[in-house]
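The values are calculated or read from the model by the stated rules, or taken from the named source; none is laboratory data. Only a predicted model underlies this, so the values are computations on that prediction, with no experimental measurement involved. Cβ placement follows ideal geometry from the backbone for every residue including glycine, while neighbour counts extend to all protein chains displayed. Remember, those area values only see protein heavy atoms, side chains included, never the ligands or the DNA or RNA. Shrake-Rupley method; radii C 1.70, N 1.55, O 1.52, S 1.80 Å.
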Amino acid sequence: MSVLDDISTRGAQIRERLRQLIQRHEYPRDIRSLLLMAYVDIALEHHEAICLLTKSKLNGSAFAMVRPVFDTMFRALWINKVATEQQIEQARRDELTFLMGKIRDDIKQGYFSDRPPEEAQLFDKILQLLKEAWRAMGSYMHSGALQIGRRFIGDELKPNYSEGAIVEAVNLVTIALLLLLHMFFVSMRCQKEDEETQALLRQYRADFGERLRALNTDENGIAR
């Protein structure tokens, strides 16, 4: 099987397992918890949609869905640890402006201000990669130059999405999903479910890390 087949199959297995872990418990009904539950469900649905779209070779639409997964993850992280009660209520009423640059900085402060420096440095590296990818993700989401460029092979109107770029998209959203559920289970004090989620992430990295590094993604991948 190709890397794309393997990573898509594993992504579907991870998503199904995470759904099973979520269903083990009842969760609090306060506004914050309800928002987190909604964000998790949205991310799971987006992830499944991306996998279905790539399977149907509707890759332009799949690429457009990558940034909303990360947007959902960042909102959930911010609501969980940073937002005040007033801001949580504003978010519930859709009256809060989420400025991603500020949210990312707030998340770093909220989660890593009291953690060892090496953890904050690792998060900085992740944030830097996401900052570099954010504009590209937006170009695909908003039918910008990268998305338009993918509609042509030479001057022929024909989709031009390489396998490497598709693999990159599926990989990104699978990692985002695992990170989001890690936060969710920690927040809900579901230790066993969090431990299994972390184990899924470690196994995923072990199984695909070298294969992804060896895969030559083209010049305009999803995170370029």
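Of note:
- Element breakdown for the range 71-224 at a 1.4 angstrom probe: carbon and sulfur atoms account for 49% of the accessible area.
- Peptides 182-189, 167-174, 127-134, 96-103 ranked from most to least packed, by the mean per-residue count of other Cβ atoms within 10 Å: 167-174, 182-189, 127-134, 96-103.
- Segment Ser33..Ala145, full-extension length gain: 36.5 nm, with 0.36 nm per residue of separation and the alpha-carbon distance subtracted.
- Taking each residue as 0.36 nm, the span from Thr9 to Arg24 lengthens on full extension beyond its C-alpha to C-alpha distance by 3.0 nm.
- Extension reserve of the Asp207-Leu129 stretch, reckoned as 0.36 nm per residue once the Cα distance is removed: 25.9 nm
- Restricting the GluC sites (Glu not before Pro) of the range 1-84 to loop positions (DSSP other than H, G, I, E, B) with no more than 10 neighbouring Cβ atoms within 10 Å leaves Glu26.
- Probing with 1.4 Å while keeping every protein chain in the model, the per residue accessible area of the chain equals 55 Å².
- Candidates Arg151, Arg15, Arg29: whichever shows maximal mean-square fluctuation once the chain is modelled as a Gaussian network with Cα springs under 10 Å: Arg29
- Among Ala206, Ala83, Ala49: highest mean-square fluctuation, GNM of the chain, C-alpha pairs under 10 Å: Ala206
- Screening the chain for DSSP H helices whose Cα atoms reach 27 Å or more along their own axis and whose mean Kyte hydropathy is at least 0.0 gives 31-55, 163-187.
- For the range 25-54 and the range 73-142, distance of Cα centres in Å: 17
- Under 16 Å between alpha carbons - lysine pairs in the chain that sit 8 or more apart or on different chains: 6
- Where only alpha carbons of the range 15-154 are counted, the Rg and the Dmax (Å): 17.1, 55
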